[in-house]
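Student: Have a look at this one.
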Amino acid sequence: MTRSSNLAGNIKNPVLYANRKKDIMTQNYTIKQFPTVTITGYAAQLPLPTMANIQEVSTLKSHHFMTLAQSGQFGELMSASRDKIGYALSGVTDEQLEYFAGANTTVTPTAAETRTVPAGDYVVLTGQGGPSRQLFDQLIGQFFSKILPENPQLYKEDSFVIEALLNGNPADAVVELRIPVSK
């Protein structure tokens, strides 16, 4: 049975910040508008990340993806992907981090679940040229330690984060980190 969930709750579309860029050290971010997308995949419940356990949480995220890849579950989703992007959604649920890995796909395996990502404006950071997990961790660190403190209006507390693997190659990745803009 497939379970549906809207990760953003009652977030309405924020005001459009068309193609605005801001330099923060060497990292740029843009604000882009994305349509609603339904992701089919598999969830893992992880500890909430803290400064003390951030490496452990990163390792658990990698393990979740590797398990799905090795079992063929992720390959099945990607074989029927509408956009050929691998997604991971992170959001707080019941005092844990729900890490949901999946694809925008036309297949719905029996054990899979779905999550709906709302249309709207997203802060987008990009990275390329290394392992996807390392790139995502760097972008997450950049956003939460550098960009957000200087721009607290950008992110609503306890919202969600999207990791998008754009080129299908986790060893030499092209990635986007997408964070919904606060209203």
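No lab work stands behind these numbers, since they all come straight from the coordinates. Quantities reported herein were computed from a predicted structural model and do not represent experimental measurements. A quick note on method: Cβ atoms are made from the backbone with ideal geometry, for glycine too, and the neighbour counts reach across all protein chains shown.
Student: Given H placed on each backbone N at 1.01 Å, which residues far from Val181 in sequence or on other chains put an amide H within less than 5 Å of it?
Tutor: Distant-sequence amide H within range of Val181: Asp121, Tyr122, Val123.
Student: Determine the gain in length on full extension of the stretch Phe144-Gln33; use 0.36 nm per residue of separation and subtract their C-alpha separation, reporting nm with one decimal.
Tutor: Values: separation 111, 0.36 × 111 = 39.96 nm, distance 2.07 nm.
Full extension from Phe144 to Gln33 adds 37.9 nm.
Student: Restricting things to alpha carbons, tell me how big segment 21-180 is in terms of Rg and Dmax, in Å.
Tutor: Using the Cα atoms of segment 21-180, the pair Rg, Dmax is 15.0, 46 Å.
Student: Can you compute 3J(HN,Hα) from phi for each residue in segment 83-88, using the Karplus curve 6.51 cos²θ - 1.76 cosθ + 1.60 with θ = phi - 60°, rounded to whole Hz and x for Gly and Pro?
Tutor: Here the 3J(HN,Hα) series is 10, 6, 10, x, 10, 9 Hz.
Student: A further question follows. Where a ≥ b ≥ c are the square roots of the eigenvalues of the C-alpha gyration tensor, would you call segment 64-132 rounded, which needs a/c under 1.5, or, failing that, prolate if a/b is larger than b/c, or oblate?
Tutor: Rounded, since a/c falls under 1.5.
Student: Return, ordered by residue number, the residues of segment 118-143 whose backbone nitrogen is under 12 Å from a label point located 7 Å along Cα→Cβ of Val174.
Tutor: Once the point is set 7 Å along Cα→Cβ of Val174, 127-129 turn out to lie under 12 Å by backbone N, inside segment 118-143.
Student: Sticking with this one: Could you list the GluC sites (Glu not before Pro) in segment 45-98 that lie in coil according to DSSP, counting only those with at most 15 other Cβ atoms within 10 Å of their Cβ?
Tutor: For GluC sites (Glu not before Pro) across segment 45-98 that sit outside H, G, I, E and B with at most 15 neighbouring Cβ atoms in 10 Å, the list reads Glu95.
Student: Can you list the HN-Hα couplings for segment 105-112, worked out from phi with the Karplus curve (6.51, -1.76, 1.60; θ = phi - 60°), rounded to whole Hz and with x for Gly and Pro?
Tutor: Those phi angles translate into 10, 8, 9, 9, x, 3, 7, 6 Hz.
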